[in-house]
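Below is one structure, written out as structure tokens; comments come after it.
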Amino acid sequence: MPLPSSLKPIKCNLIRLGSKNDGGYLLSEKTVKEAESLISFGILDDCSFEEHFKEIKETSIFCFDKINYKTYWKKRFFNDFGAAFYNLNFKFIKNTFTKYLKFKRFFKNENVFLFEQNIQEKSFNEIISKYKNVKKPIILKIDIEGSEYRLLKDIVKNKNIINGLIIEFHELDLHLDKVTNFVKELDFKVTHVHANNFDREIDYIPLVLEMTLEKSPDHENEFAELPNKFDAPCNPQKKEINLCFD
């Protein structure tokens, strides 16, 4: 079963922000430059998207993850050093140390904030009410491993203060109708979709789909060709998943 045509992206000029593979996403530069804040749900150890965003638009960035970073990096170094020693691959621990330094350096920037918080149903409403220095319009980036569905109602409710949304939908085969209805209610332009190939597809439906929706991008009245020239597999060791639409 192919994806519904309502999820097929329109043609517009996109840029890639973030890493070459997993953690990199496409959206229009116009939307980035018009945003006054970036709110990012789900960081783990990769702030490459946020770092690149700040290079283009000097504005406030608010990042949230349920991880306790006071203990996370200690455990990470312990586990990665053990793996590096066991496999006699000390480049592995070097890469972890490089990522750690980059992470710590980025979050020392002024107006860049990292909060420990488990994102749930009312989290988006609570955040924009609590943090008065969140300026509008907002670009919202969401990668929270399935909890994104808990936020959809609040996103639609607050769509007037959002100009761009990057969201990763998980278990899409089970929630395709929910995603289709959300896109219709939000009434933004779908400007990019990409299958995350760390997971598989079932009957032409990728289990994880990255999607970019923008309120008012510069676009043409035709569908975009996929894959985009800036697309790259999330897992470089596996082939891309080709998307099919009805």
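Key figures
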| read-out | value |
| --- | --- |
| Portion, in percent, of the accessible area of the stretch 1-110 that falls on carbon or sulfur, probe 1.4 Å | 56 percent |
| Projected area, mean over directions - the stretch 1-128, Cα convex hull, nm² | 11.3 nm² |
| Set of lysines with alpha-carbon distance to residue 238 below 16 Å, sequence-local pairs under 8 removed | 20 |
| Zero-based 10 Å bins, Cα pair distances in the chain, whole percents | 7, 30, 37, 20, 6, 0 |
| Links that overshoot a 30 Å alpha carbon limit, given the list 57/153; 70/229; 54/215; 94/189; 75/132 | 70/229; 94/189; 75/132 |
| Check: the stretch 1-141 dipole with +1 on Lys, Arg Cβ and -1 on Asp, Glu Cβ, in debye | 200 debye |
| Extreme residue, positive dipole direction of the stretch 42-176, given options 120, 165, 52 (C-beta unit charges) | 52 |
| Stretch gain in nm, segment residue 131-residue 58, where the contour uses 0.36 nm per residue and the Cα spacing is subtracted | 24.5 nm |
| Solvent exposure of the chain as accessible area per residue, Å², 1.4 Å probe | 54 Å² |
| Protein accessible area in the stretch 117-241, 1.4 Å probe - carbon and sulfur % | 47 percent |
| Inter-probe distance in nm under a simple model that places probes 7 Å from Cα toward Cβ, at residue 240 and residue 204 | 1.8 nm |
| Virtual spin-label span in nm between residue 94 and residue 115, 7 Å along Cα→Cβ | 3.9 nm |
| Lys/Arg +1, Asp/Glu -1 at C-beta; the stretch 113-246 dipole; positive extreme among 139, 152, 193 | 139 |
| Cα-centred dipole magnitude for the chain, charges only on beta-carbon of K, R (+1) and D, E (-1), debye, nearest 20 | 1120 debye |
| Volume per residue of the C-alpha convex hull in the stretch 1-63, rounded to whole Å³ | 128 Å³ |
| Inter-centroid distance (Cα atoms) of the stretch 178-246 relative to the stretch 20-49, Å | 16 Å |
| Full-extension gain in nm, residue 81 to residue 220, via 0.36 nm per residue minus C-alpha separation | 45.0 nm |
| Test item: Cα-centred dipole of the stretch 134-210, Lys/Arg +1 and Asp/Glu -1 on Cβ, debye | 660 debye |
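The values are calculated or read from the model by the stated rules, or taken from the named source; none is laboratory data. Not measured: the values here are computed from a predicted model. Here Cβ is always computed from backbone atoms with ideal geometry, including for glycine, and neighbour counts include all displayed protein chains. Heads up: the accessible areas ignore ligands, DNA and RNA and are worked out on the full protein's heavy atoms, side chains in. Shrake-Rupley method; radii C 1.70, N 1.55, O 1.52, S 1.80 Å.
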